[in-house]
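The numbers here are math on the coordinates, done by the rules we state, and not lab data. Please read all numbers here as calculations on a predicted model, not as lab measurements. In this analysis, Cβ positions are derived from the backbone assuming ideal geometry, glycine residues included, and neighbour counts consider all displayed protein chains.
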Amino acid sequence: MQKNKNSSTRNFINLNEIDIGQLHNIMSFAHDVKKSRYGYIELLKNKSFILLFDEPSTRTRISFELAITQLGGNSIFLDPSTSQLGRGESIQDTAKVISRYVDGIIIRNASHKDLHEFANNSNISVINALTNLSHPCQIMADLMTLHEHFGTIENINVAWVGDGNNVANTWIQAAQVFGFNLKMAVPQEYKPNQDYLKKALDNNAKIVISQDINNIISDADCIITDTWMSMNDKTTNSDKKVGILERYQVNTRLFELAPKHAIFLHCLPAHRGQEVTDEVIDSPRSLVYQQAENRLHIQKGILKYCFDN
Ligand code: CP
């Protein structure tokens, strides 16, 4: 587990570093707080936070800022262009200074390595709001959405179709810790992180990876995709990548091959007409807006895990 200098602080960096009981507690609290949106105003009273984002965000920024406010805390948003980080101040110095001002930091950073560097040089809790490798807050909201819809996430069949990106990596970690079945249809050229996959398989995760899309979705309870060109994507030839991924588009023809009860999830923003068509994302079987709303509720669970223990 990732340690920072103060052993009593809790980070939220990768799902497989957190006790499964704590992950269930986070989800359970999110369900409670969804029923009572303004019911926990004392939880973060007098606590201050920084959101340090070096990449754009709609859902993650809004949901964390609102979650902190609605739990009684306060936050400041920082980005490199308006802080000294953008002029070359080191992560080490920034982390040491920020640790003296606030109780916690929520970081969206293009480099997972830099996120660890920040955590290693701070004594406050660090929450991963997306890196090039993982997006754990997102997948917790997705799992909450599955739990709401199916009443369970145990033994559920999740099908990932498309790019093996940071969100796909986090589904692998989620399958490792929650134990559901994960099947992934990804091209050979754009596979998910092989270290994450090996670690999950070594821990008996039920994960299948294939290029046979029909087989992957034939027993799916949920089909998930994501943009083909993520913010951190270093691909130089995007036309080539899009060309390879075209057969992985989640469209009506593909969706009809899944069981009738299967639902669709996408963390958004969607590139309509690329990884998903309007017919699928706007269909009654798409839960993408419920999924986006659940970002707010699950962030509260994550904040409680880190700051109210
Ligand atoms: N899904 C997600 O992280 O959305 P934002 O990039 O808008 O925060």
Cα point-scatterer Debye curve for the chain, base-10 log of I(q)/I(0) at q = 0.14 Å⁻¹: -1.06
Counted charge near Asn203, where neighbours are those whose Cβ lies closer than 15 Å (Asp, Glu -1; Lys, Arg +1): -1
J(HN,Hα) series, region 196-202, from Karplus relation 6.51 cos²θ - 1.76 cosθ + 1.60, nearest Hz, glycine and proline x: 4, 5, 4, 4, 5, 5, 4
For the chain, calculated [θ]222 nm from helices alone, where every DSSP H run of n ≥ 4 adds -39500 (n - 2.57): -12000 deg cm²/dmol
Relative contact order of the chain, pairs being alpha-carbon contacts under 8 Å that are 6 or more residues apart, as %: 21 percent
Candidate aspartates and glutamates - alpha carbon under 15 Å from Lys96, same-chain residues fewer than 8 apart omitted: Asp114, Glu117
Set of lysines near Lys241 by C-alpha distance (under 18 Å), chain-local residues within fewer than 8 positions excluded: Lys191
Per residue Cα convex hull volume in Å³ - calculated over region 189-309: 156 Å³
Vicinal HN-Hα couplings computed from phi for region 264-270 (Karplus, 6.51 cos²θ - 1.76 cosθ + 1.60; Hz; Gly/Pro x): 10, 10, 7, 6, 6, x, 9
Directionally averaged shadow of region 51-114, computed from the convex hull of its alpha-carbon atoms, nm²: 4.5 nm²
Anisotropy class of region 196-266 from Cα gyration tensor, a/c 1.5 cut: oblate
Inter-centroid distance (Cα atoms) of region 226-247 relative to region 171-211, Å: 20 Å
Segments 115-125, 280-290, 42-52, 132-142 sorted - mean Cβ within 10 Å per residue, highest first: 132-142, 115-125, 42-52, 280-290
Check: the chain dipole with +1 on Lys, Arg Cβ and -1 on Asp, Glu Cβ, in debye: 600 debye
Per-selection Kirkwood Rh - region 1-108 (Cα, Å, 1 d.p.): 15.5 Å
Region 44-60 - phi-based ³J(HN,Hα) in whole Hz, Karplus 6.51/-1.76/1.60, Gly and Pro as x: 10, 4, 6, 9, 10, 9, 10, 9, 10, 10, 9, 9, x, 7, 10, 5, 5
Additional length obtainable on full extension of the chain from Asp212 to Asn237, 0.36 nm per residue less Cα span: 6.6 nm
Chain lengthening between His261 and Asp278 when straightened (0.36 nm per residue, less Cα-Cα): 4.2 nm
Principal-axis tilt of helix 166-178 within the chain, Cα atoms, nearest 10 degrees: 90 degrees
Long-range HN-HN contacts of Ile76 with modeled amide H, under 5 Å: Phe49, Ile50, Leu51
Backbone N under 14 Å from the Phe150 label point (7 Å along Cα→Cβ), restricted to region 237-264: 259-264
Cα pair distances in region 26-65, grouped into 5 Å bins until the bin that holds the longest one, percent each: 5, 17, 19, 25, 20, 12, 2
Sorted by Cβ density within 10 Å, fewest first, the residues Trp171, Trp228: Trp228, Trp171
Potential extension, Asn203-Ile20 segment - 0.36 nm per residue separation minus Cα distance: 64.5 nm
Listed pairs Lys35/Lys260; Lys35/Lys304; Lys183/Lys300; Lys45/Lys304; Lys199/Lys240 exceeding 20 Å between Cα atoms: Lys35/Lys260; Lys183/Lys300; Lys199/Lys240
Region 21-176: C-alpha pair distances exceeding 29 Å, %: 23 percent
